[in-house]
Each structure stands twice: as structure tokens, then as C-alpha cells.
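To start, the structure itself, in C-alpha cells.
The values are calculated or read from the model by the stated rules, or taken from the named source; none is laboratory data. All values reported here derive from a predicted model rather than from experimental measurement. Neighbour counts run over all protein chains shown; Cβ positions are idealised from the backbone, glycine included.
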Amino acid sequence: MTRRPPHSRRSGKPATASQRGAKETGRRRAGRLRIIGGDYRRRLLPVLDSPGLRPTPDRVRETLFNWLTAALPGARVLDLFAGSGSLGLEALSRGAREATFVERDARVAAQLTENLATLEATARGRVFDADVITFLGNAPLPATLVFLDPPFRQGLAEPCCAALEAGWLAAGAFIYLETESGLDPRVPAGWQLHREIRAGDSHGRLYQRVATPQPS
């Protein structure tokens, strides 16, 4: 049995027979990522046909980036378990200053690097072919906006949230966390839930990091 690479934007949910059939008949559509707003609007970028790779749906992205409109200009973005890079690329298109993408699957990371070159955005985007937990153990690069979309049902959401508090988040940073439906992850005390959205088997939550009350 072929194992799904554990650290990229993947659902962790086995495909049904009908989904596998749809994948075969709709391969051309599934193999393209569309930027939906900003400078790169309507640009189509190739996405590898890799097991479990699931770019965030257009409807969810559109809703999320409507919530983030005021936070995007000049943002420093960290896109973890980046996969196709759909969220980080969308942020760059909409005015983010820079984006750091972390993706363990070397082939997927290489395609993301090529897509940045296609958009002439390599000066603002960096791709790290690395395990996310290991990456977060390095010296932090404080971000104002983080996309965290770990593989479902692998227990990665909470450890990553905790690791981000070790200097990776600027004051007032936004964190978008996408998990499987039914999971109620524990997040750091200073994260305030701002918005949430459900789509299929996923539950997206947008948090903002606020000052933690100091003991008197």
C-alpha cells in the first residue's frame, strides 16, 4: 500500500469509489489551481496529481480572504503543510509582503517553487522542503498571518499551535486553522476565535492572537 506523505495539505480521509472515479474523469480540472483575487487573479497554476492533495476550495478561500482583507497588505505569511500553496499564493496576490511555505513532499514543494517563478514572485516567496514540526523547532520568523492545515486525524494541530507560540507569531497575528469536522482543538490561551467556516469534512477557524492577561 502506498503511504500518503504525512506533512502536506492532505485530508487523511480515504477516497470513495465515486471520488476516485471523479478524479480520473476530471483530472484536468483537479490539476489546476486558480488564484481568485488580487494581482494574480484568474491565473491558473499546475497542481501535482498527488494522493490526498486538497487545495482549499474556492468558496472557502474567498470567504477567508474577505475576512482577512484589512490584514493582508504588508503581511508576513507562514503557510504550513502548504501543499499546493493555495492560501499563501492567494495572500501574495492580495498584497502580502512575503510568504514562507513549508511542505515535506519534495515533489509538491518543487512544483510550488515553479509556480512562484511563473508568477514572478520568487523574491517574496520562499519554499522549505521540511517536516513542519522540525521546522518550527528552528529560530522563529515572526509572522502576522499563519495558515495551518495539517493532515486530518494525525494529531498534529495542537502540537503545531503550541509550537507557534515560541516566537513565531507577531502581536495581533491571525492564525487560520483547518481541521477535520468534529475536532475541537485546544489552542493557546491568547488566541481569540474570530470567524469559522465548515465545508464538507473540514472545519476552518480563524483566530487572532491577543495579549494574554498578566497575573496581578
Can you find even one residue in the range 112-134 that is surrounded by fewer than 20 Cβ atoms within 10 Å (Cβ to Cβ), under 21 Å from residue 209 (Cα atoms) and of a type outside the set (Ser, Thr, Tyr)? yes
Does residue 198 fit the bill of being out of contact with any Cys (no Cβ under 6 Å at 6 or more places or on another chain), within 26 Å of residue 63 (Cβ to Cβ), assigned to a strand (DSSP E or B) and modelled with pLDDT under 95? yes
Return the only residue of 119, 141 being over 20 Å from residue 46 (Cα atoms) and either over 16 Å from the mean Cα position of the chain (by Cα) or not β-branched (Val, Ile, Thr) (or both). 141
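For every residue, the table says whether it meets (1) surrounded by 11 or more Cβ atoms within 10 Å (Cβ to Cβ); (2) at pLDDT below 95.
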position	(1), (2)
26	no, yes
33	yes, yes
36	yes, no
39	yes, no
52	yes, yes
64	yes, no
Would you be able to say whether some residue in the range 63-82 is part of a strand (DSSP E or B) and either acidic (Asp, Glu) or free of Cβ contacts under 8 Å to residues at least 12 places away in the same chain (or both)? yes
Looking at the range 179-195, which of its residues are surrounded by 13 or more Cβ atoms within 10 Å (Cβ to Cβ) and in a strand (DSSP E or B)? 179, 180, 191, 194, 195
Which residues, taken from the range 33-62, are assigned to a strand (DSSP E or B) and within 16 Å of the chain's Cα centre (by Cα)? 33, 34, 53
Based on what the data block shows, is residue 134 out of contact with any helix residue (DSSP H, G or I) (no Cβ under 7 Å at 6 or more places or on another chain), under 24 Å from residue 62 (Cα atoms) and modelled with pLDDT of 95 or more? no
